[in-house]
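**Student:** Just dropping this structure here.
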Amino acid sequence: MTQESILVVAAHPDDEVLGCGGTIAKHTQSGDKVHILIIAEGLTSRQKKQDVKKIEKGLKTLQKNSSKAAQALGAEEPHFFGFPDNRLDSINLLDIIKPIENIVKEIRPDSIYVHHGGDLNIDHQIVNRAVITACRPLPECSVKNIFTYETVSSTEWGIETQAPFRPTRFINISDTISNKLSALKAYDSEMRPYPHARSFENVEYLARTRGASVGIEFAEAFTVIREVLN
């Protein structure tokens, strides 16, 4: 089997595991090289007033946690852009697209996984748009496939005026659900007690629900934006 290059783009640290951690593990176990790109730093939106210097230690810890999660899934060391958390709408879209284009040119992914465009979180929406723009199907573009994933506590909270998440692609993660949950332990500080949507229990329940909807034990669900088959 030919080794593929995979790029997972996440707005914030932990989104990559919540959205497709089991699928990342399946890719790496089959010999594919998985790269992870995290667009925003993930902490400053919790401050009353944005001050990166005051939380430099916390940001470094969060990046270390991202590295631990990637290692648990067999992925490469993540790339971090460090854009302001939950403030991507304050940045010109082109200034987000251009760095993504550079990463795509560097690693030449065959497939990309990115947020669903109808998520409640504004950063998720913008990252989706930036990725699809950066990976427009020009003749020299390496990207054949673009799939969007769901992120608990954002996708299901999307309002009626936004596009609902209607999955059309299911990946069997029955053999890698444990990898996903182990990787999430690196983000323990980002998780919440059940019945919060972003709890360990709910992540497992969602995987069971997605699996049961297609007759398997555990699954991750995606929508297909583009898929080119030879």
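The values are calculated or read from the model by the stated rules, or taken from the named source; none is laboratory data. Note that the coordinates shown come from a computational prediction; the quantities given were computed from them, not determined experimentally. A quick note on method: Cβ atoms are made from the backbone with ideal geometry, for glycine too, and the neighbour counts reach across all protein chains shown. All accessible areas refer to the heavy atoms of the entire protein, side chains included, with ligands and DNA or RNA removed. Shrake-Rupley method; radii C 1.70, N 1.55, O 1.52, S 1.80 Å.
**Student:** Contact order normalised by length for the chain, with contacts defined as Cα pairs under 8 Å and 6 or more residues apart; what percent is it?
**Tutor:** 24 percent
**Student:** Further, regarding this structure: What are the semi-axes of the equivalent ellipsoid for the stretch 1-149, taken as the square roots of 5 times the Cα gyration tensor eigenvalues, largest first, in whole Å?
**Tutor:** 25, 19, 12
**Student:** Ignoring everything but the protein chains, give the 1.4 Å probe accessible area of Glu227 in square angstrom, nearest 10.
**Tutor:** Result for Glu227: roughly 90 Å² accessible.
**Student:** So, one more: Among residues other than Gly118 whose Cβ falls under 11 Å from its Cβ, what is the net charge (Lys/Arg +1, Asp/Glu -1)?
**Tutor:** Summing Lys/Arg as +1 and Asp/Glu as -1 gives -3.
**Student:** Got the relative contact order for the stretch 105-152 handy, in percent, Cα pairs under 8 Å and 6 or more residues apart?
**Tutor:** Worked out over the stretch 105-152, it gives 51 percent.
**Student:** Tell me the accessible surface of Asp85 in square angstrom (1.4 angstrom probe, heavy atoms of protein chains only), to the nearest ten.
**Tutor:** Probe radius 1.4 Å; accessible area of Asp85 about 10 Å².
**Student:** Just from its helices, what would the mean residue ellipticity at 222 nm be for the chain, if runs of 4 or more DSSP H residues each count -39500 (n - 2.57) and the sum is divided by every residue, rounded to the nearest 500 deg cm²/dmol?
**Tutor:** On the way: 6 runs with 82 residues, N = 230.
It comes out at -11500 deg cm²/dmol, rounded to the nearest 500.
**Student:** Here's a follow-up. Counting only protein heavy atoms and a 1.4 Å probe, tell me what percentage of the chain's accessible area is made up of carbon and sulfur.
**Tutor:** 50 percent
**Student:** Now for a different question. Accessible area per residue of the chain at 1.4 Å probe, in Å²? Walk me through the numbers before you get to the answer.
**Tutor:** On the way: 11230 Å² over 230 residues.
Dividing the accessible area of the chain by its residue count gives 49 Å².
**Student:** Long-range amide H contacts for Phe83: which residues qualify at under 5 Å (H placed 1.01 Å from N, peptide plane, sequence gap of 5 or more or a different chain)?
**Tutor:** Here Ala40, Glu41 satisfy the definition.
**Student:** Moving on to the next point. Treating each Cα of the stretch 105-214 as an identical point scatterer and ignoring solvent, apply the Debye formula and state log10 I(q)/I(0) at q = 0.24 Å⁻¹.
**Tutor:** -1.38
**Student:** Here is a follow-up. So which aspartates and glutamates can Lys185 reach, going by Cα to Cα under 17 Å and dropping same-chain residues fewer than 8 places off?
**Tutor:** Reachable aspartates and glutamates: Asp14, Asp15, Glu16, Glu201, Glu204.
**Student:** In addition: Hey, what do the phi angles of the stretch 17-24 turn into as Karplus ³J(HN,Hα) couplings, whole Hz, using 6.51/-1.76/1.60 and θ = phi - 60°, x for Gly and Pro?
**Tutor:** So the Karplus estimates, Gly and Pro as x, are 7, 4, x, 8, x, x, 5, 4 Hz.
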